[in-house]
Amino acid sequence: MATTPPPIKLKQSQTNSTAQTLLVRETLRISANLASSNPNSTEPETPPRLSLVDSAENRRSSLGLVEEEYVNSSLRLICSEEIDGRRWNYVAEKDALSGTFNKASIRALTLNTPQPPREDLMSFLRSYVVPEGFPDSVSPSYVPFMKWRALKHFFGGAMGVFATQTLLSSVGASRNQATPGAVAINWILKDGAGRVGKMLFARQGKKFDYDLKQLRFASDLFMELGLGVELATAAVPHLFLPLACAANVVKSVAAVTSTSTRTAIYKAFAIGENIGDVTAKGECVGNVADLLGTGMSIMISRRNPSLVTTFALLSCGYVFSSYQEVKSVELHTLNRARFTVAVDSFLKTGQVPSLREGNLNENIFSFPWLKDRPVVLGPRFNYAFQDPGEYLAIEPLFEKERYIVTYNPSKGKVYALLKDQAKSDDILKAAFHAHVLLHFVQSSNESQCSSQKQREYNNYSDIVLTTTDLEAHMLESCKMVSKSYGIFKSKAAEQGWKMSESLLNPGRARLCASDKLG
């Protein structure tokens, strides 16, 4: 049995009162067998990290500064503790006669150097605006996203002050042009219209998943539009109620969209099970920036600046910050826009872009209500075919597939029709095949494009393909898909992409056996 280490005699400390503040006067309740705890215990480890210390040299170096009341006492170092990078040593007084530790004699001695008040303040603020364990607990794109989010909310808070001031002035509250009852009724009707707008737009729920970035940016544009309409009430105060109701409907639609897409964005930043922490800190950053913007706009409004000019400048900052905020998000799923980027890169270079490259090249302006997409997945049969002969000519090529892909020269679009047996992988393969066919059509007709604008928007409605050319493109695309679809999926998985047919927004139409022409 190991002999008891000799007591440590501590000398009088020569430090001033500032150094003595390092001491922590805290009595801990610990069990009597703390010093002899079983190292093989299977109890779960608690957050603080304890390390037993028995080295005389460690004891001498770790006791550090003690208060005058502990001088010349017999102390033993029990253990060291670390919490979030801060360390403490625990010592206890041992009776020289009985050889036992005195009850309630454990004291905590800090080993941390004192931090300047500024560092303490920054540490306090970080606890409110960054998740615990930052930066290891979030993805790298978290910082740029929160930076642009804060700037966006700053401009948004500033614009909100001018819009509210204008509304109050228009309704007559500031000039006593209306009775208090009329003012209240107008305000209630305005808010009621906004609630109706929320309910009506909620049916678009699925679009919040597969066009997340696009709708997120659109929600900020809607918010900008709503604030602009509120500002217009200053020019026509007699139209306050219809304009205010319309503005609130638009703003409510923006609020529904922003709320519906928020969780998915924060989930992309969270590493592990900390989505709640990431969400809370993200909302805190937005609120702080909003308050700062509100305070700034209040000070500006006292100088009576030009309302239109000030609002225009703030709007530019708001829209630019919103665009950069959305662009900085890195999502792992392949929706229509990112799927197009991935397939185009694969067809041109043989490689699937990384998560960062795919998200940066995603088209944020491809809103779901736009109808000029070059690839249509799951359309009605009559949208893709007007001539029965065209269907009969290509149908045998897809006899073993659960989809049919065709190109309609009159509309300049590729249609991927789904059969009733189509499963998830069949839908993904149909989308891949549609982009391959579009690639061949564009390549063969590139010399006929008269302007760069036509190439950007894939507008080939003025180009007429012969039946022979179309059949050749169909055969070429079928051969390429059979060889490269598996390679594309493998390389996409290597880059970390997750493919889901639901995010490609396929239509509900399915071809049944009775649809075949005899």
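The values are calculated or read from the model by the stated rules, or taken from the named source; none is laboratory data. Everything numeric in this text was worked out from a predicted model, so none of it was measured. All Cβ positions, glycine included, derive from the backbone under ideal geometry; neighbour counts span all protein chains shown. Heads up: the accessible areas ignore ligands, DNA and RNA and are worked out on the full protein's heavy atoms, side chains in. Shrake-Rupley method; radii C 1.70, N 1.55, O 1.52, S 1.80 Å.
Quick notes
- In region 98-126, of all residues being within 30 Å of Cys284 (Cβ to Cβ) and among the β-branched types (Val, Ile, Thr), the one that is modelled with the lowest pLDDT corresponds to Thr113.
- Scanning region 371-422 for residues that are open to solvent by 60 Å² or more (accessible area, probe 1.4 Å), at pLDDT 90 or above and either under 35 Å from the mean Cα position of the chain (by Cα) or among the hydroxyl-bearing types (Ser, Thr, Tyr) (or both) yields no hits at all.
- The single condition among (1) in contact with a Lys or Arg (Cβ under 8 Å, 6 or more places away or on another chain); (2) open to solvent by 20 Å² or more (accessible area, probe 1.4 Å) that Gln324 does not satisfy is (1).
- Only one entry of Leu470, Leu503 meets the criterion of being crowded, with 18+ Cβ neighbours inside 10 Å, touching a Ser or Thr at 6+ places or on another chain (Cβ under 9 Å) and at pLDDT below 75, and that entry is Leu503.
- Any chance Gly172 is at pLDDT below 90, at positive phi and surrounded by 15 or more Cβ atoms within 10 Å (Cβ to Cβ): yes
- Hits in region 191-239 (condition: at pLDDT 80 or above, of a type outside the set (A, V, I, L, M), part of a helix (DSSP H, G or I) and within 18 Å of Gln165 (Cβ to Cβ)): Glu224, Gly226, Gly228, Glu230, Pro237
- Scanning region 279-313 for residues that are hydroxyl-bearing (Ser, Thr, Tyr) and not in a helix (DSSP H, G or I) gives a single hit, Ser306.
- Gly276 closer than 20 Å to Tyr318 by Cβ, at pLDDT 85 or above and not aliphatic (A, V, I, L, M): no
- Within region 65-97, tally of residues that are modelled with pLDDT of 75 or more and of a type in the set (S, T, N, Q): 2
- Selection from region 340-395 of residues that are among the hydroxyl-bearing types (Ser, Thr, Tyr) and without any contact (Cβ under 8 Å) to a residue 24 or more places away in the chain: Ser345, Thr349
- Summed over region 488-500, the residues that are in contact (Cβ under 8 Å) with a residue 60 or more places away in the chain and surrounded by fewer than 16 Cβ atoms within 10 Å (Cβ to Cβ) give a count of 4.
- Test for Ile265: is it part of a helix (DSSP H, G or I) and over 15 Å from the mean Cα position of the chain (by Cα): no
- Those residues of region 329-358 which are out of contact with any Lys or Arg (no Cβ under 8 Å at 6 or more places or on another chain) and part of a loop (DSSP other than H, G, I, E, B), in sequence order: Asn335, Gly350, Pro353, Ser354
- Some residue of region 96-119 being charged (D, E, K, R), out of contact with any Gly (no Cβ under 6 Å at 6 or more places or on another chain) and under 24 Å from Leu292 (Cβ atoms): yes
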